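A short write-up of the structure that comes next.
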Amino acid sequence: MRPPHHYRAVDLDPADRAMLDYAVQLTRAPHGVTVETVATLRAAGFDDRAIHDICAVTAYYAFVNRMADGLGVDLEERFGG
């Protein structure tokens with residue numbers, strides 16, 4: 001069972017669900033993103049700019065985290081988490 005804080009465990013509108021499904025796929029299995037995957041976002045109401053922004057934010061988040069991991073940055077220690 002998914003923890004209650006997982007986005008799939010809450011009632012979301014179809015556009016939010018599509019956006020989050022895409023972000024998870026891009027994060028976990030980017031090689032699986034296809035034209036059909038992007039078409040799902042369009043069908044949910046996102047235009048090209050919005051799709052670009054979703055992709056850019058998701059990719060940037062992954063990039064920053066991998067840079068921190070690659071440099072051995074301990075964010076919890078640094079920021080008292």
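Here Asp47 clears all of (1) surrounded by 12 or more Cβ atoms within 10 Å (Cβ to Cβ); (2) within 20 Å of Asp13 (Cα to Cα) except the condition numbered (1).
Taken over the stretch 23-44, the criterion of being part of a helix (DSSP H, G or I) and farther than 18 Å from Asn65 by Cβ is satisfied by His31, Gly32, Val35, Glu36, Thr37, Val38, Ala39, Thr40, Leu41, Arg42, Ala43.
Looking only at residues in the stretch 52-81 that are part of a helix (DSSP H, G or I) and among the small types (Gly, Ala, Ser), which one is farthest from Pro14 (Cα to Cα)? Outline the logic, then answer.
First, pick out the residues of the stretch 52-81 that are part of a helix (DSSP H, G or I): 52-70, 75-79.
Still in the list and also among the small types (Gly, Ala, Ser): 56, 59, 62, 68, 70.
Working: Ala56: 21, Ala59: 22, Ala62: 24, Ala68: 33, Gly70: 36 Å.
Of everything passing the filter in the stretch 52-81, Gly70 is farthest from Pro14 (Cα to Cα).
Restricting attention to the stretch 50-81, which residues are among the small types (Gly, Ala, Ser) and surrounded by 13 or more Cβ atoms within 10 Å (Cβ to Cβ)?
Looking only at the stretch 50-81, we keep the residues that are among the small types (Gly, Ala, Ser), and these are 50, 56, 59, 62, 68, 70, 72, 80-81.
Once the filter is applied, which keeps residues that are among the small types (Gly, Ala, Ser) and surrounded by 13 or more Cβ atoms within 10 Å (Cβ to Cβ), the stretch 50-81 yields Ala50, Ala59, Ala62, Ala68.
Selection of first residues in the stretch 1-23 that are farther than 24 Å from Val35 by Cβ and hydroxyl-bearing (Ser, Thr, Tyr) and of second residues that are modelled with pLDDT of 90 or more and in a helix (DSSP H, G or I), restricted to Cβ pairs under 7 Å at least 6 apart or on distinct chains, gives the following pairs, ordered by first then second residue: Tyr7/Leu20.
Taking the conditions exactly as written (over 14 Å from the mean Cα position of the chain (by Cα), at pLDDT 95 or above and in a helix (DSSP H, G or I)), does Arg49 satisfy them or not? It is true that Arg49 is over 14 Å from the mean Cα position of the chain (by Cα), at pLDDT 95 or above and in a helix (DSSP H, G or I).
The values are calculated or read from the model by the stated rules, or taken from the named source; none is laboratory data. Owing to the predicted nature of the structure, the values given are computational and were not obtained by experimental measurement. Because the Cβ atoms are built from the backbone with ideal geometry, glycine has one as well, and the counts that use them run over all protein chains shown.
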